[in-house]
Amino acid sequence: MPMLNRTRHLQRLLRFLAPYRLLLGAAIGAVLVSALLALLIPLLFRDVVNAAFVDGNAAALNRAALLLIGVLVVRAVSSAVETYLLHRVSEQMTADVRVHLFEHLLRLSLPFFDNAQSGELVSRLTNDIATIQQGLTTSITALVLHTLRLVGAVLILFWLNWRLAVLVLLVMPLVGLITRLSGRVLRRESEAIQHHLAEATAVATETLANMRLVQAFGREAYARERFVASVQKTVQAALRRARMLALLTPTVGMLFMVAFVVVAWFAGRQALSGALTVGDVFAFFFYASLMSGSVNTLAGVYGAFQQTVGAAQRLFALLDTPPMIADTPNAQTLPPLRGEICFEHVSFAYNAQTPVLCDISLRIAPGEVVALVGPSGAGKTTLANLVLRLYEPTAGRILIDGYDIRTVTLASLRQQMALVPQDTILFAATVRENIRYGRLDATDAEVEAAAKAAYAHEFIMALPNGYETPVGERGVKLSGGQRQRIALARAILRDPRILILDEATSSLDSESETAIQQALARFLPGRTTILIAHRLSTVRIAHRILVMDGGRIVEEGDHATLLAKNGLYARLYRRQHANE
Ligand code: ADP
């Protein structure tokens, strides 16, 4: 990545820290105090040792020891302050970034989500932001702390004994390099193990979730083979890692000790010649280990920064994706609707190559119930999506009560519409909350009235906790028909002018079927309704039937007229009723 980009990403990231600059400043102040005191400690130790072994002065020994304890206490306090402040800044900033990104995702338009994988997006929200958290707070302070320590330690080493300092500076990087290289080799193997293990897990998850299919097709051996292959690769990688571990760990340990002995030997020579006191030697080893610790940490910080910049790049790419469908600067608020919908020469394509709707012109009167029928893939759902302005026509325009829907605010448009989707998704919440999703300020009584109107009240009351029963992924299992009735209650509660009803494809239990028919008969009058019908039995409640095929409206009329016409509708109808 070009350097310029990298700095720009970091600068942009730092902006997230701006609200916390005072806290962060205080934290870095505490870091500086700890760092300076940490540098003092070995020198104070030297005084303790020298007072006892070189000067033989009891009073000086007491003073030096007390001073050292005092410094240790202050350092502990500054360390505590630093730890708390840093975590505070880091957690708050992370929450800010997360919320910021989530808000942005909510603004993005459906075409974006058609092309994005939700797993990827979730990973942006979790992993990448965690990496950024690490990079922006821990790494920045580590950088300050350890640079200071390193420079301070080196200066003091030279001041204590420059010959020994030169030797340490020669030996240390060598040992450090070997340690890092061996670490990298081991990490690569660990990653390989993780990768193969994840593969095995994926095979297992997929198989366990689809056991019905696996057993029905008698594919147990096939599943086993795939699982065994991944497991074996895991073992191979683990054994490679074990061999490296066996070879590298003792070697690196030995090299480290040899380096230590060489330095100790040279220090001994210096002491014999009188150039070092025993206290100096103590202090010397302290500083040398401080220094090597700092070098190691700084190398780690560099890696963390690289990762942070990578994560930041992905985060900003997402944040910089503009919503395709958004309010224009002078968008009007749509007044309460009568509910007329007009399509004027509307064409649409999800992608440039394949047109999905071709030159559709259509007027739906306020309060009219229109059924869309036609073979699967004809464009029925797409047409409904355009009314909700989930997608934008590629040509032509859509008017609602005479307003071009591109000129009004999305909120005021969608507020007056309700969608009952084909396969109802319930959120992981209670039944009550799922219905209230239709209108958040509805009272409990209104929620229950809506449920009654959707003929859902009875079965809800029979659930273990009635309206407070959790549903959704981790809640009780409801039948397709029950879910659809909850979705209908949600729509009823919203009291929309325009209703878009995507009929369930799978057939419902007959109790739900009747309940929904009755609920609709009472709810629809006075509301403009687009009913996407998959089973032609439902179209009876419609005032008009539009037959779609290949993105066009090919026939329209009522049931009897269309049957008499003996066209596509008649064919679809006969096919559905052939088995009855
Ligand atoms: P229907 O509701 O009549 O079954 P749709 O409106 O769902 O038809 O689909 C019309 C065509 O558009 C189909 O060919 C379908 O494959 C395509 N299509 C639907 N949704 C998308 C999408 N999100 N991205 C790309 N193509 C789509």
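Values in this text are rule-based calculations from the coordinates and carry no lab data. Just so it is clear, the model here is predicted, and its values are computed rather than measured. Virtual Cβ from ideal backbone geometry, glycine too; neighbours counted across all protein chains shown.
Ranking 327, 444 by Cβ neighbours within 10 Å, fewest first, what do you get?
Numbers: 327 16, 444 10.
Lowest to highest Cβ neighbour count: 444, 327.
Let me check against my output: what whole-number percent is the relative contact order of segment 453-580, with C-alpha pairs under 8 Å and at least 6 apart?
19 percent
Working from Cα positions, state the angle (0 to 90°, nearest 10) between the long axis of helix 510-523 and the longest principal axis of the chain.
Once rounded, the angle reads 80 degrees.
Quick one: angle between helix 21-50 and the longest Cα principal axis of the chain, in degrees between 0 and 90, rounded to 10, please.
20 degrees
Could you state, as a whole-number percent, how many of the C-alpha pairs of segment 3-319 are farther apart than 29 Å? Numbers along the way, then the final one.
On the way: 29534 of 50086 pairs.
Result: 59 percent of Cα pairs exceed 29 Å.
Can you run the Rg to Rh ratio on the chain? Use alpha carbon positions and the Kirkwood inverse-distance Rh.
Result: Rg/Rh = 1.16.
Quote the relative contact order of segment 341-579 in percent (integer), defining contacts as alpha-carbon pairs under 8 Å separated by 6+ residues.
28 percent
Going by alpha carbons, how many degrees (0 to 90, nearest 10) lie between the helix axis of 220-272 and the longest principal axis of the chain?
The helix 220-272 is inclined about 20 degrees to the chain.
Would you please give the FRET efficiency between residue 338 and residue 104, computed as 1/(1 + (r/R0)^6) with r the Cβ-Cβ distance and R0 = 41 Å, to the nearest 0.05?
0.70
In whole Å, what three semi-axes, largest first, describe the equivalent ellipsoid of segment 1-150 built from its Cα gyration tensor (square root of 5 times each eigenvalue)? It would help to have the intermediate numbers written out before the result.
Details: eigenvalues 460, 41, 27 Å².
Whole-Å semi-axes of the equivalent ellipsoid: 48, 14, 12.
Count charges around residue 286 for me, please; just the other residues with Cβ under 11 Å from its Cβ, Lys/Arg as +1, Asp/Glu as -1. Let's see the in-between values first.
Values: positive: 46; negative: 280.
The answer is 0.
Restricted to Cα positions, what overall size does segment 52-141 have along the principal axes? Three whole-Å values, descending.
Reported extents, whole Å, longest axis first: 82, 20, 15.
Wrap a convex hull around the Cα atoms of segment 432-580, take a quarter of its surface area, and give that in square nanometres.
10.3 nm²
Determine the percent antiparallel among the DSSP beta bridges restricted to the chain, to the nearest 5.
For the chain, the DSSP antiparallel bridge percentage is about 55.
To check my understanding: the extent here is largest minus smallest coordinate of the Cα atoms along each principal axis. What are those three numbers for segment 497-562, in Å, largest first?
Here the spans come out as 33, 28, 22 Å, largest first.
If eta is 0.692 mPa s and T is 37 °C, what Stokes-Einstein diffusion coefficient results for segment 162-240, Kirkwood Rh from Cα pairs, in µm²/s?
Values: Rh = 15.7 Å.
Translational diffusion coefficient: 209 µm²/s.
In what sequence do 282, 348 fall when counting other Cβ within 10 Å, fewest first?
Neighbour counts put them in this order, fewest first: 282, 348.
Post the alpha-carbon centroid distance, segment 206-272 to segment 142-184, in whole angstrom.
Computed from Cα coordinates, the inter-centre distance equals 30 Å.
Neighbouring Cβ atoms within 10 Å as the yardstick, rank 257, 172 fewest first.
Ordered from fewest to most neighbouring Cβ atoms within 10 Å, 257, 172 come out as 257, 172.
Work out how far the C-alpha atoms of segment 1-66 reach from end to end along every principal axis, then list the three figures in whole Å, largest first.
61, 28, 7
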